[in-house]
Each structure stands twice: as C-alpha cells, then as structure tokens.
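In what follows, a single structure is set out as structure tokens and then discussed.
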Amino acid sequence: MSYLKDFPNKEGYFGEFGGAFLPPELEPHFAEIEQAYLRLMRSADFLSELRYIRKHYQGRPTPVYYAHNLSADVGAHIYFKREDLNHSGAHKLNHCMGEALLAKHMGKKKLIAETGAGQHGVALATAAAYFGMECEIHMGEIDIAKEAPNVTRMKLLGANVVPVGFGGRSLKEAVDSAFQSYLSQADEAIFAIGSVVGPHPFPTMVRNFQSVMGIEAREQYLEMTGELPDHVAACVGGGSNALGLFAGFIDDDDVQLHGVEPLGRGTELGQHSATMTYGKPGMIHGFKCLLLSDEEGNPAPVHSIASGLDYPGVGPEHSHLKTTGRVSYHAINDDETLDAFYKISRREGIIPALESAHAIAWAMKFGRDHPGTTILVNLSGRGDKDIDYVTENFGHG
Ligand SMILES: *Cc1c(COP(=O)(O)O)cnc(C)c1O
C-alpha cells in the first residue's frame with residue numbers, strides 16, 4: 001500500500017482539492033478530532049475494538065457474490081460486494097461506528113449530524129445506541145415529510161430529530177443548522193460527517209474507515225477466482241462507498257477503477273447530479289472539490305432518482321483521482337437505474353438501493369460491450385427504503 005499513505009498531504013490536500021476552510025471558532029475542534037484520529041489509528045486497543053464491532057455487531061466480512069444470472073444475461077462476469085448485508089443495510093455504518101468509537105475515546109457523549117434522505121441519520125443513530133451516546137440529527141422539514149420511515153427509524157433508535165424550517169428546508173439548511181448546534185456544544189459532542197466530504201480530516205477518516213470493504217473484497221475475490229477483477233465499480237454521491245472499495249485495488253495498476261454518478265433526467269443543469277462529468281473546481285461546506293455551480297458560483301440545484309447521490313459537490317479525493325486519470329467516471333440516468341433495479345430484483349433475488357443500482361446499471365452496459373470481462377461492483381445498500389417510491393411511481397417492473 002503506497003497510495004493510501006501518500007494521499008492526502010498533512011494539510012488534507014489531494015492535489016489541489018480538499019483542505020479545511022473553517023470558521024475560526026471551529027478550528028480548534030477540528031484540530032482536536034484530527035489529533036485524536038492520528039493517535040487512535042495507531043492504538044492497538046482502538047483497532048481491536050473496531051475489529052470486534054465489525055465482526056460481531058455489523059456481521060462483517062460481507063460476502064462477495066457472483067451474480068450468475070445477471071452475468072449470463074450480459075455476457076460478462078459481474079460480482080457484487082454485498083454491503084446490503086452490513087448491519088442497518090448499507091455501507092454507511094462502517095464509518096459511523098468508526099466515528100462513534102473515536103468520539104468515545106475522545107470522551108464525547110453526543111453525536112451530531114445532518115441528514116438528507118435519512119440514511120446517514122439512521123446509521124449514526126444505530127452507532128449512538130450501540131455506544132450509549134446521545135444523537136442529534138438535523139433534517140429539513142421537506143425531507144422529514146418525504147422520508148417518513150427513516151425518521152421513524154431514527155426515533156426508535158433513540159435519536160433526537162431536529163426539524164429545520166428555514167430557507168429551502170432541505171439538506172443545505174440541515175448542514176447549517178447542525179454546524180450551529182455543534183458550535184454551542186463542541187466540548188461534549190462530535191460532528192459526524194456522512195461521506196468523504198467536508199473539511200479535513202473527514203475525507204481521509206471516512207475513506208480509511210470504509211477501506212475495510214476493499215481490503216475484504218480483494219482477498220475474497222482472489223480466493224474465489226485466483227485473480228483480480230479487470231474492473232471495479234461503485235456509485236458516487238459524496239464518494240465514500242466508492243473510495244472504500246477502491247482502497248483495496250488502487251495500488252493494482254491492472255485493475256481499472258470506475259465511479260458512476262447520476263445523470264438524472266438529462267444533461268441540463270438542475271436535472272442531474274453528475275459532478276465529476278460537468279463540475280468545475282469550487283468550494284462547498286469547507287473544502288475544495290469539483291462542484292456543480294450556477295452563474296454566481298453558488299452550488300447548483302441537483303436531481304437524482306437516488307436521494308443519496310444528489311449532492312452538488314463530491315469528495316476531494318475523487319476530484320483528484322479524476323485529474324490523475326486513475327479512476328474513470330461515468331454517468332447513468334434515472335431510466336437506466338430503474339431498469340437495473342427491476343432486473344437485479346427479478347434475476348438475482350436482491351432488491352438494491354437506487355444508489356447501488358446506478359453502479360450495477362453501468363456494469364451491465366459495460367459488460368455487454370466487453371464480453372468475458374470481470375467486474376466487481378459495490379452493492380452499497382439494500383433497496384427496502386426505495387420500494388414504496390418505485391412501485392407508486394413506476395409500478396412493479
Ligand atoms: C448514502 C448512500 C450512497 C452514497 O454515498 P457515498 O458517500 O457516495 O457512498 C450510496 N449508496 C447507499 C446505499 C447510500 O445509502
């Protein structure tokens with residue numbers, strides 16, 4: 001492993017992207033988190049507790065599965081890393097348990113975060129319950145109305161869901177509200193970011209907590225086939241499930257890496273969330289990355305059928321990996337995603353999250369054009385959260 005050690009640099013930069021642009025009041029708190037993280041990642045106690053949690057609570061390792069029916073249909077060999085079988089149904093718990101364990105070792109009593117569709121909120125509330133910590137989740141009123149089952153889950157798990165009623169009453173305002181609340185209680189609380197985004201050290205910390213997927217998958221795939229896959233693919237919202245899986249293969253030059261982002265309803269600004277394809281360098285939420293922005297340079301409105309992918313920015317490391325060419329990025333639209341969602345359900349008996357269906361849709365398309373090739377795809381989460389939306393709007397496929 002050399003890449004993971006070399007990036008980012010000490011200031012949290014991946015090439016020109018990343019960094020930490022914080023209000024001065026928050027600087028000491030982020031420095032405290034960074035110091036604790038650097039110390040704990042070398043602590044045998046911390047690492048063994050994390051290993052214990054992954055094995056006995058989360059149910060890791062999750063399997064790698066050969067999608068034999070889909071592969072026969074497509075004419076290429078498609079494998080899934082089954083993060084849908086990770087406890088709470090998606091990869092997000094990998095970094096939430098890490099962040100909460102960090103908080104515990106720092107002597108914090110409370111986890112604070114924002115959530116959009118509620119996925120990060122549910123994973124963090126799960127982690128808080130495990131550690132017996134308080135959990136405060138800020139969520140826009142519009143999202144609360146749209147994502148009722150996740151709000152119920154968070155409440156059952158003991159979280160305090162704070163409705164955000166100003167401005168657009170959605171994710172951006174939820175971030176502002178959560179930061180504000182964190183500022184007033186940073187001595188006893190930690191802000192737990194939900195992807196490889198935000199100010200340093202979060203993009204690095206979240207990637208490293210998520211790298212467990214890639215390390216497992218490389219070993220499992222080798223054991224199953226005796227070789228490495230030709231291609232490794234994952235969907236990209238903020239980019240954490242992709243970087244976690246890529247981490248296992250990034251030093252294997254013969255393995256091609258692919259990030260798949262949402263093209264939504266089309267190429268017009270506002271209709272998609274294809275940051276890697278159409279974004280320009282910019283700044284959002286305290287870090288530099290590729291960004292979809294309007295004429296004034298403000299973050300643009302975005303759309304995807306998968307609410308976990310509709311973010312106008314993207315992790316700084318992805319922005320860097322696109323520049324260097326180590327990872328290729330592709331965009332898949334809502335219709336292709338739905339088609340894959342139905343096919344995977346019928347042909348493999350697995351209902352995937354709409355986010356994950358983007359990556360699998362790309363693998364199916366690419367596989368048809370490259371018969372015989374091998375593709376390992378991250379099935380980042382299960383689709384139970386999406387079934388009402390899909391069947392009410394598009395039927396049963
Ligand atoms: C949140 C989410 C994503 C997108 O987040 P990344 O940080 O890009 O991985 C993808 N899949 C599922 C199932 C999610 O819940």
Query - F246, F7, F394 arranged by Cβ crowding within 10 Å, fewest neighbours leading - result: F394, F7, F246
Query raised in the report: Between region 1-73 and region 99-165, what's the alpha-carbon centroid distance in Å?
Result: 20
Query raised in the report: In terms of the Cα gyration tensor, with a ≥ b ≥ c the square roots of its eigenvalues, is region 218-265 rounded because a/c is under 1.5, prolate because a/b exceeds b/c, or oblate?
Result: prolate
Report summary line: Shape call for region 235-388, from the Cα gyration tensor axes a ≥ b ≥ c (a/c under 1.5 means rounded, otherwise prolate when a/b beats b/c, else oblate), comes out oblate
Query raised in the report: Antiparallel DSSP bridges in the chain: what percent, to the nearest 5?
Result: 30
Query raised in the report: When you take every Cα atom in the chain, what is the radius of gyration, and what is Dmax, the widest Cα pair distance, in Å?
Result: 19.5, 57
**Report entry** Given charges at beta-carbon only (K, R positive; D, E negative), |dipole| of region 285-397 in Debye
**Finding:** 620
Query raised in the report: Cα-Cα over 27 Å: which of K55/K288; K110/K172; K155/K343?
Result: K55/K288; K155/K343
Query raised in the report: How many times 2.2 N^0.38 Å is the alpha carbon radius of gyration of region 319-384?
Result: 1.18
Query - Set of aspartates and glutamates near K280 by C-alpha distance (under 16 Å), chain-local residues within fewer than 8 positions excluded - result: E16, E261, E268, D294, E295, E296, E317
Query - Rg/Rh (Cα only; Kirkwood hydrodynamic radius) as it applies to region 79-158 - result: 0.99
Query - Kirkwood hydrodynamic radius (C-alpha pairs) into Stokes-Einstein, region 161-286, 10 °C and 1.306 mPa s, D in µm²/s - result: 93
Report summary line: Computed on Cα atoms, the radius of gyration and Dmax of region 103-241 in angstrom are 17.0, 55
**Report entry** Convex hull volume of region 9-158 per residue (C-alpha atoms, cubic angstrom)
**Finding:** 191
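Read-outs: derived from the displayed coordinates by stated rules, not from any lab. Source: prediction; values computed, not measured. Because the Cβ atoms are built from the backbone with ideal geometry, glycine has one as well, and the counts that use them run over all protein chains shown.
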